[in-house]
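Here's the structure we're looking at; comments come further down.
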Amino acid sequence: MNTCTIGFAANCENHQTEIKGRCCELCPPGEYVKEYCSQDHSTVCSPCEEGHYSAQYDAWQNCEKCHTCQHEYVRKCTSTTNAECSCRPGFLCSNHVCSQCEKKTCKNGEELKRTGLKDYSYECEPCPDNTYSDSNEGHCKPFTQCSANGFTTFFPGNKTHNSVCHLSGMQTDGDSTQVILAVGFVFISFAFLVLLFYACVRSLRKLKAKNRHAANVRVVSQQTSDFHLSKEESGIQLILQDEPKEGTRFSLLALEQLTTV
């Protein structure tokens, strides 16, 4: 495109531009100018070729080339939009559009510093004061402030390790999340012991009630047996059984006396 022959004129309408003293139409997104307007015809536009795009109305005589992503496409290129790229986890963008990626790690206690505007480069530098890095990801994190959480400082921390706080004679990491987890574990353990004790008490009570019921059944059974076989009733039955024998003996004696007379 010859930029010297293209300009804007106050008398040109929207989506027009002045070219060689004429108000020529701009080509819409997805197209480029194949031939500028003249006295004989209007602006001639043509669709962008594959792998190229045009995102707005313009008077360019070609479409822009789409980005080619080295790793992943966040968005594919179309005739009206450029591609968007990203790098896989563990990799860093080598330029401002992430079309190129590189793997860069630092030692523990270091962080990554990026330089450059469009094309990037990386260097590892020691973590600043009061920060640490315990991995090779190159991100420094601030120390845990023990005093701010009501603890005393057991270990102040260094470039590779966080500070360690001290609580009630027990050494613990100053990270408040770990403290909360420890307290939660103690609480859950105590609740479990209480539930276990309650279950044991209920089981003992049920066992005692069952034994008491069985004892009562045995007593009732013994009393029922005595009721049917008491000594008094047994004696009466024996007397009643003997009475016919005594009457028979008396009748025989009387018969003998009458016979003698």
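Quick grid of which residues meet (1) assigned to a strand (DSSP E or B); (2) touching a Pro at 6+ places or on another chain (Cβ under 7 Å); (3) modelled with pLDDT of 90 or more:
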{"position": "Cys98", "(1), (2), (3)": "no, no, yes"}
{"position": "Asn108", "(1), (2), (3)": "no, no, yes"}
{"position": "Pro128", "(1), (2), (3)": "no, no, yes"}
{"position": "Ser135", "(1), (2), (3)": "no, no, no"}
{"position": "His139", "(1), (2), (3)": "no, no, no"}
{"position": "Asn162", "(1), (2), (3)": "no, no, yes"}
{"position": "His166", "(1), (2), (3)": "yes, no, no"}
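Results for (1) in contact with a Phe, Trp or Tyr (Cβ under 8 Å, 6 or more places away or on another chain); (2) at pLDDT below 95; (3) buried (at least 17 other Cβ atoms within 10 Å of the Cβ), shown as yes or no for each residue.
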residue	(1), (2), (3)
Phe8	no, yes, no
His15	yes, yes, no
Pro28	yes, no, no
Tyr32	yes, no, yes
Ser42	no, yes, no
Ser54	yes, no, yes
Glu84	yes, no, no
Being part of a loop (DSSP other than H, G, I, E, B) and of a type in the set (Gly, Ala, Ser) is the filter; apply it to segment 168-200 and report the residue that is modelled with the highest pLDDT. Ser168
Could you check how many residues of segment 50-94 are within 22 Å of Tyr32 (Cβ to Cβ) and in contact (Cβ under 8 Å) with a residue 24 or more places away in the chain? 21
Considering only segment 107-140, state which residues are surrounded by 14 or more Cβ atoms within 10 Å (Cβ to Cβ), without any contact (Cβ under 8 Å) to a residue 40 or more places away in the chain and in contact with a Phe, Trp or Tyr (Cβ under 9 Å, 6 or more places away or on another chain). Leu112, Thr131, Tyr132, Gly138, Cys140
Which residues, taken from segment 113-168, are under 32 Å from the mean Cα position of the chain (by Cα), among the acidic types (Asp, Glu) and over 27 Å from Asn95 (Cα atoms)? Asp134
Across segment 9-67, which residue is nearest to Thr78 (Cα to Cα) among those that are part of a strand (DSSP E or B) and of a type in the set (Ser, Thr, Tyr)? Tyr53
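The values are calculated or read from the model by the stated rules, or taken from the named source; none is laboratory data. Quick caveat, the model's predicted, so the values are computed rather than measured. Neighbour counts are summed over all protein chains in view; Cβ atoms, including those assigned to glycine, are modelled from backbone coordinates with ideal geometry.
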